[in-house]
Structure formats: structure tokens, C-alpha cells
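Beneath this line is the structure, given in C-alpha cells, with notes to follow.
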Amino acid sequence: MELFGIRLIGVSGDNAKKLLITVAFLAVVLGLSRVLRWLLHAVAGKKEGRLHFWVRQVIRLFTAALVILGLVSIWFNDPSRLASAAALVTAGLAVASQKVISAISGYFIILRGKNFDVGDRIVMGGVRGDVISLGFMQTTIMEMGQPPAEQADAPSMWVAGRQYTGRIVTITNDKIFDEPVYNYSSEFPYIWEEMRLPIPYHAKRQDAERIIVEAARRHTGKLAELGEEALEELERRYLVKREEMEPRIYYRLTDNWVEMSVRFVAESHGVRRLKDAISRDILDGLDKAGIEIASGTYEVVGMPELKVRVAGPAEENGA
């Protein structure tokens, strides 16, 4: 092909035709993808959920497969040329794009292994939060804070509870090969929580224990509403004993007080609100029962000898 009398190497009428067909083909495929996403919103509504998540993944995979198949069909009508080009592309990708290949491989493993879905609360790559998007290369997480005992972990955190910080964090999918992924809500949407309260030795410990357990039971009553069939399924599938899901107190003796740890089951979301409500009920109950929360105290058992010098009249006059 010549342009203004200059012959363009590698550009021919056949290649120009293939280029135009490629542009038209890509436009059709992208348009089809947009139409499918529009139908998804029209049928399922705008509310995000697992249905949106899985349908979007199917649309993405279908679009990618259609693009690859179409481009191969347009540009490589000769099998020998296709094999040569595939070998060169594969070798180049293996050398220059190891991270990219690992991230894409991680994407398919996430889908196949069901590591997590959109909406799940996870820890991945050192980031804790809710999954809001999953792409071929990256997972997007709405970050949440950490309890004070964990705030020394990187990155720095200013929210002292499991609530959103407002930061959106993107993590490459290849992290699933290097680090464990902790899922709070995928299969079993409950976690075990604990609250520790110091109670003085001289206090009525039985009354304190009753007040703490009743407060925890009042705010974790949804488990009791699951029904017999659901509880049996939990026991069978997750090897969870029914007794372990009831609030229970554990004692630990210290030098200054009895530490009462109440252990209970909470939903994976809204833990901070739950512990706030339980704490308020416990304080009200302890106040009515006349039971105080213990605090660190110190007893002074002796004083060092003090020498006091009283100035005489001459010294007061500067003599």
C-alpha cells in the first residue's frame, strides 16, 4: 500500500480491510456488553447483591472470550501463522507480565474456589473490609477500621472499630497465592465475640455474671429465632455445637480483680453497634445492683523519713 508515493511496509489493502472489520467487531461486542448490563439492571434492579456479582462476571468472561475468538478469526486465517504468533505472544507474556498472569489466574481461582463474593467481609492483602467489586486484575474493598488491640498493624488506622473508614482499596488478585484470605461472612455469617469486664473480688459475682449474660442474650436473640431445622443444619455443616452459640461467662483471676469474659455469637456486620448496646445494658444492670467496675488501685504501705529544717529569726533577717 502506498501513501503519497511512499510504500508502507506491512500495510496492504487486505490488512486495512481486517482493521476496519476489527473496529466494527469491537464496537458490536462492547455494545452487546452494555446492553447485557442494562438488561441486568432492568431485570434485577439497581440493588447490588450476589446476583449482580455473578451475572457481571459471566458478562465479562463472555465478552473477553468473544473478543479473543473474533480477533483470532479475523487476523489469523492461516493455522501456521496462528501457532507462530501464539508462541511469540506466550513467550513475551511469560517474561514481561508475570504479575498480570498471576492476577488473572487469581481471578479465575477466586471464581472457581468461591473464596469470596461481592458483599463478603474479608481480610486480603492485609486489608479488612467489604468486597465491592471483582475484576480480572484487582479486587476492590471498602476498608473498615480495627479494634485498638490491632491498630499497630499496617497500614495506620484511626477508626477504633469495625466500621468503614471511607477509603477504597484495590488489591491485585495474585495476593491469594501469597497470603491467606480471611472470610467473615461467606458460608457462616456469624463470628464469635468477647467482652472482658473487671469485677472486684468483694462484689456479688453471681449477680454480675447474671447481669452480663442476660444483656448479651437480649441482643443476640436472633440465633434463637433460626429454628430447629436451621440449627441442625449449622451443627451438621460447620460442626458447631448448639451450646457454643449461647452466651457464656469465663473467669480469669488477676491480682486486682476477677476478669469476666462473656463470649457470644454475633452477625459479621454491625458488631460495634451490638457491643455498644450490650455495654449500655451491662452498666445499667450493674448500677442497679450496686456493683462497681474494678479499676487499678495502689496502696501506700510506708513513707520515707522526712527531715524538716525550721529557719530561725536571724536567718529570716538575712543574717
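Throughout, read-outs are computed from the coordinates displayed, never taken from laboratory work. All of these numbers come straight from a predicted model, not from anything done at the bench. Positions of Cβ are backbone-derived with ideal geometry, glycine not excepted, and every protein chain shown enters the neighbour counts.
Here are the numbers for the structure shown:
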quantity: Simple label model, 7 Å out from Cα along Cβ direction - LEU66 to GLU232, nm; calculated: 4.7 nm
quantity: Segments 270-279, 124-133 sorted - mean Cβ within 10 Å per residue, highest first; calculated: 124-133, 270-279
quantity: Per-residue Cβ neighbour rank within 10 angstrom, fewest leading, PHE108, PHE136; calculated: PHE108, PHE136
quantity: Distance between modelled label sites at ILE168 and GLU267, nm, 7 Å Cα→Cβ extension; calculated: 2.6 nm
quantity: Estimated FRET transfer efficiency (GLU179, ARG217; beta-carbon r; R0 41 Å; 0.05); calculated: 0.65
quantity: Förster-model FRET efficiency, 41 Å R0, GLU243 and ILE293, C-beta, rounded to 0.05; calculated: 0.90
quantity: Extension gain (nm, one decimal) between THR22 and VAL100, 0.36 nm per residue minus Cα-Cα; calculated: 25.6 nm
